[in-house]
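Enquirer: Got a structure here, written out as structure tokens. Questions coming.
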Amino acid sequence: MRRSIAVLLVLLVCIGLVAQGCQVTGSKASDRVLTLGGIFPVTGSSAVYGVNSRNAMTMAVDAFNAEGGATVDGEHVTVKAVVEDDTGSPEVGASAAQKLINQDHAIGLIGAVMSKVSLAFAPIAQKAGVPQIATISTATEVTLVGDYIFRVCFTDPFQGRVMADFVWNNLKLKTAAVLFDNGNDYNKGLAEVFRSRFEELGGKVVSWQAFTDADKTIDYRPQLTNIKAANPEFLYLPNYFMSATTCLRQAREMGISIPAGGGDGWGSPELIKLGGTAVEGCYFSDHVSLDDPRPEVQNFVTSYKDLYGDLPDATAILTYDATKLFLQALKTAGTATGSVLRDTIRDMTFHGVSGTITFDSDRNPVKSAVIIQVKDGAFKYLTTIEP
């Protein structure tokens, strides 16, 4: 009888513990779960960037949880990544931000990839007091939206100057043509800065050509005809790889065999798959090289490939850094309060895969860029350009 009573008492105690959300096994089932939102183009013409971003964000969040999460506002917490597909559309991106903030109660937003999408939802994050860390949105205006908006990539003015300097100082070329999408802030920004810097150095942009909407443009021959007539020594295409490869294939077919280059929108293995021999010998500026021997880079490349069966790109590396930076700020701050997280991020020195990140007064990172060449059907690191 006493044994039965004792067993009954143990069962009652256990039931009471479970009712209070406790686990006698030491499980973390009762931990508070915080949502970190991601906004990337998982479908559409830029889906390769979005999928890589989603993969990298998942890696960072999984590592954070596996390492024990954090103590936030006196509670042990883990983090759940909720990724929304912006499809490359500013309107869709803005709706995604509203959903993540108002329905999912996200404590932060990672993304976007495209500057035009970041510019669409940054005001929403700013008004809500939710920190946003853009991954590869390089347009100058992104962080100028407000003090809750950060980024881990360099900006268009720096990137445009990097390529202009490289063409003038390293390639020793004096004339250039520019062909860009005038419907995209990223493309326009790079084009304008390249022209300004190249002519400041003494070069001349002999042909300035534009089109509207890379997703709908498939024929670049009218612009290329004008470029060929101007006889430049270099062709600058500050567009995403889908547009750049189509343009270069048509250019080569028309007999335009001059060196060409672009920005970080070229930084995907798809550039070589789609461009083939048309992109051989071309150059582009990027945030990091997979050839970088630093252990941080090589360990990330190995882990990413083991998980997803393919090599990462700079977008994946920057998304991983942005997510890790935010999670480190959460752990350091010890609170999910937006203003405290903002101030913690602002004052951080973060050692990431892409390098050491500190923020200037406009919440842009102070960091270098690399020049990559397509050589023998692969990306080859050429040089690093310091800020």
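Enquirer: What whole number of Å gives the distance from the Cα centroid of segment 55-133 to the Cα centroid of segment 318-369?
Expert: 14
Enquirer: Here's something else I'd like to know. When DSSP beta bridges are limited to those with both residues in segment 157-274, what percentage is antiparallel, rounded to the nearest 5? Please report the intermediate quantities before stating the final value.
Expert: Values: 0 of 11 bridges.
Approximately 0 percent, going by the DSSP bridge assignments.
Enquirer: Given contacts defined as C-alpha pairs under 8 Å and at least six residues apart, what's the relative contact order of the chain, whole-number percent? Numbers along the way, then the final one.
Expert: On the way: 783 pairs, mean separation 61.8, N = 387.
Relative contact order comes out at 16 percent.
Enquirer: Another question about this same structure. Which ³J(HN,Hα) values in Hz, rounded to whole numbers, follow from the phi angles of segment 64-75 under the Karplus curve 6.51 cos²θ - 1.76 cosθ + 1.60, where θ = phi - 60° and Gly and Pro get x?
Expert: Once θ is set to phi - 60°, the couplings for segment 64-75 become 4, 5, 5, 7, x, x, 7, 9, 10, 6, x, 10 Hz.
Enquirer: Would you pull out the residues with amide H under 5 Å of VAL205's amide H, same chain only if 5 or more places away, H placed 1.01 Å from N?
Expert: Residues meeting the amide H criterion: ALA176.
Enquirer: Separate question: What length, rounded to one decimal in nm, is gained on full extension from TYR308 through to ASP213, with 0.36 nm per residue of separation minus their alpha-carbon distance? Don't jump to the answer; show the numbers that get you there.
Expert: Working: separation 95, 0.36 × 95 = 34.20 nm, distance 3.12 nm.
Full extension from TYR308 to ASP213 adds 31.1 nm.
Enquirer: Additional query: Counting only C-alpha contacts under 8 Å and six or more residues apart, can you give the relative contact order of segment 322-387 as a whole percent?
Expert: 18
Enquirer: Now, a different point. Which whole-Hz ³J(HN,Hα) couplings does segment 376-387 yield from phi under the Karplus relation 6.51 cos²θ - 1.76 cosθ + 1.60, θ = phi - 60°, glycine and proline marked x?
Expert: 3J(HN,Hα) across segment 376-387, in whole Hz: 6, x, 8, 7, 10, 5, 10, 7, 10, 10, 7, x.
Enquirer: Turning to a different aspect of this structure: In Å and whole numbers, how far do the C-alpha atoms of the chain stretch along each principal axis, longest first?
Expert: Largest to smallest, the principal-axis extents are 102, 40, 36 Å.
Enquirer: Oh, and also: How do ASP347, ASP185 rank when sorted from fewest to most other Cβ atoms within 10 Å of their own Cβ?
Expert: Details: ASP347 11, ASP185 22.
Going from least to most buried by this count: ASP347, ASP185.
Enquirer: Run down the aspartates and glutamates and flag those whose C-alpha is under 15 Å from the C-alpha of LYS305, throwing out any fewer than 8 positions away in its chain.
Expert: ASP291, GLU296, ASP313
Enquirer: Also: Rg(Cα) of segment 38-185 divided by 2.2 N^0.38 Å?
Expert: On the way: Rg = 17.7 Å, N = 148, 2.2 N^0.38 = 14.7 Å.
This ratio for segment 38-185 stands at 1.20.
Enquirer: Show the residues, 5+ positions off or on another chain, whose built amide H is closer than 5 Å to the amide H of ALA134.
Expert: Result for ALA134 returns GLY111, PHE150, ARG151, VAL152.
Enquirer: Taking the Cα atoms only, what angle lies between the long axis of helix 185-201 and the longest principal axis of the chain, rounded to 10 degrees?
Expert: 50
Enquirer: Taking the 0 to 90 degree range and rounding to the nearest ten, how far is the long axis of helix 241-253 tilted relative to the main principal axis of the chain, both from C-alpha atoms?
Expert: The two axes meet at around 20 degrees.
Enquirer: Between SER196 and THR356, 0.36 nm times their residue separation minus their Cα-Cα distance comes to what?
Expert: Extra length from SER196 to THR356 when fully extended: 54.7 nm.
Enquirer: Between PHE180 and residues 5 or more places away or on another chain, which pairs have amide H atoms under 5 Å apart, with H built 1.01 Å from N, and which residues are they?
Expert: For PHE180, whose amide H was placed from the backbone, the distant partners under 5 Å are GLN209, ALA210, PHE211.
Enquirer: Which values, in whole Å and largest first, are the semi-axes of the equivalent ellipsoid of segment 285-387 obtained as the square root of 5 times each eigenvalue of the Cα gyration tensor?
Expert: Details: eigenvalues 161, 58, 17 Å².
In descending order the semi-axes read 28, 17, 9 Å.
Enquirer: Which values of log₁₀ I(q)/I(0), to two decimal places, follow from the Debye formula for segment 157-286 at q = 0.10, 0.16 Å⁻¹ with a uniform point scatterer at every Cα?
Expert: One equal scatterer on each Cα of segment 157-286 leads to -0.25, -0.69.
Quick note: the coordinates plus some simple rules give every number you see, no bench work behind them. The structure presented is a predicted model; accordingly, all values stated were derived computationally and were not measured. All Cβ positions, glycine included, derive from the backbone under ideal geometry; neighbour counts span all protein chains shown.
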